[in-house]
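Colleague: Pasting a structure below so you can have a look.
The values are calculated or read from the model by the stated rules, or taken from the named source; none is laboratory data. Keep in mind it's a predicted model, so treat the numbers as computed, not measured. Reconstructed Cβ throughout: ideal geometry from the backbone, glycine too, with neighbour counts over all protein chains shown.
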Amino acid sequence: MLPIVILLFGCAVAWMLIDSRSDLNQSLPQNDIPAVQVVQAIPQTLTLNIYSQGVVTPRTEIDLIPEVGGRIIKLHSVFVTGGGFKAGDVLVTIDPRDYDHAIVRAQALVAEAKHRLAREEEEAGQSRYEWQVLSKERPPTPLMLREPQLAEARAKLKAAEADLAHARLLRNRCEWRAPFSGKIREKLVGLGQFVQPGVTLARLYATDIAEIRLPITKDQLSYIDWPIESQGNRDKQPRILPKVILSTQYSGIKKLWEGHIIRLEGAFNETTGLVYVVAEINWEHTKKDNNFPLLPGLFVQAEIKGRAQPNLFRLPRESVNANRTILAIDAQGRLRIRHVHFLRIETNYVLVRDGLEVGDLIVTSSIPVPIEGTKLHYELIELDSQIGEEGATVLPTILIE
């Protein structure tokens, strides 16, 4: 009897719960439907600027290495670390006395060779005369006319003159002249020091052009508007190079320099998968501001101007769910889940190329568990945009770490 009573009691309780749930559903007011914020999907032409970073290096940098040995007897007054010099300045002078003596000895050998050549020419002429007088009927041999001796004298004269030219060349190398205008990056010797040929005396760099190697990904490579260069119009039409803005902080002050991307290095790095583009900046233009020098070794941030990309949808970052989908609202006000193709996911925005239609309403509010077909109330909000050159919206890409 007791089990029957318990069974009847359980059925009564279940019926009461079902009946109360039906009453609750019938009494749910319309204003309890969830409300979300949406933005309208509008295609735009966007300029995707690329952020990277690199270290400033001189385009021309060499080691000062003497070709002759000896004791350093004179150094230029600017021959110190950081000293600036002009093209043609004599930076280092090596004791030239041994090389002056070599020139004198070479001159003596030249004079001796000339004397011997003159004597051989005279003897050759005498031999020809004797042949013509005494044995004209028989043809002369080269030895009779002293032709081998004459050729030997001429060759020795050329060798002596070459030795003299070499001695003078070594003497000229005692004075090391700067091949370009620049600065001394590192000094390695001092006055009075004896140096051997091939030993590095200093490290020099030219102060005309600076270069910065900037790493980018293969996707970002397509954002740069590379000039098309052909053999036919290379000399007729100047190339329009991509612009780059370099920046760094000096005592809390952000300093900017403008340059151009001049070339792309020939291969991807097999370890990192990155490729390097090279930015160039004219050092002469940076000298106007002496308080903020662009020195070699300086780490700088770089912003490369990208090409204009048409028909892109720019949406807030909050519109992307954890499963990389986008929520949209149809004409009946119901939730739809869209699978789209992301061109780029930025810090605050996402760029969508495919999967959306013009005028789609995209949900930007957080919905923890989105259910297809859910009825929603929505509020349309406006997006802010930063308008750049030529009417294109300028967006940076993710900073490469």
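Colleague: Pick from ILE337, ILE326, ILE281: which is surrounded by 17 or more Cβ atoms within 10 Å (Cβ to Cβ) and assigned by TED's automatic domain parsing to the domain that holds GLN44?
Modeller: Of ILE337, ILE326, ILE281, the one residue that is surrounded by 17 or more Cβ atoms within 10 Å (Cβ to Cβ) and assigned by TED's automatic domain parsing to the domain that holds GLN44 is ILE326.
Colleague: Tell me, please, whether a residue that is modelled with pLDDT of 80 or more, surrounded by 10 or more Cβ atoms within 10 Å (Cβ to Cβ) and either over 24 Å from LYS218 (Cβ atoms) or in contact with a Gly (Cβ under 9 Å, 6 or more places away or on another chain) (or both) can be found in segment 381-395.
Modeller: Yes - at least one qualifying residue is present in segment 381-395.
Colleague: While we're on this one: In this structure, does ALA159 turn out to be aliphatic (A, V, I, L, M), out of contact with any Lys or Arg (no Cβ under 6 Å at 6 or more places or on another chain) and closer than 27 Å to ALA124 by Cβ?
Modeller: Yes; evaluated as a whole, the condition is true for this residue.
Colleague: Among the residues that make up segment 130-147, is at least one of them under 30 Å from LEU295 (Cβ atoms), aliphatic (A, V, I, L, M) and surrounded by 12 or more Cβ atoms within 10 Å (Cβ to Cβ)?
Modeller: Checked segment 130-147: no residue is under 30 Å from LEU295 (Cβ atoms), aliphatic (A, V, I, L, M) and surrounded by 12 or more Cβ atoms within 10 Å (Cβ to Cβ).
Colleague: Give me the strands (runs of 3 or more DSSP E) completely within segment 56-108, filtered to those with at least 3 residues that are over 26 Å from THR207 (Cβ atoms), ordered by residue number.
Modeller: 70-75
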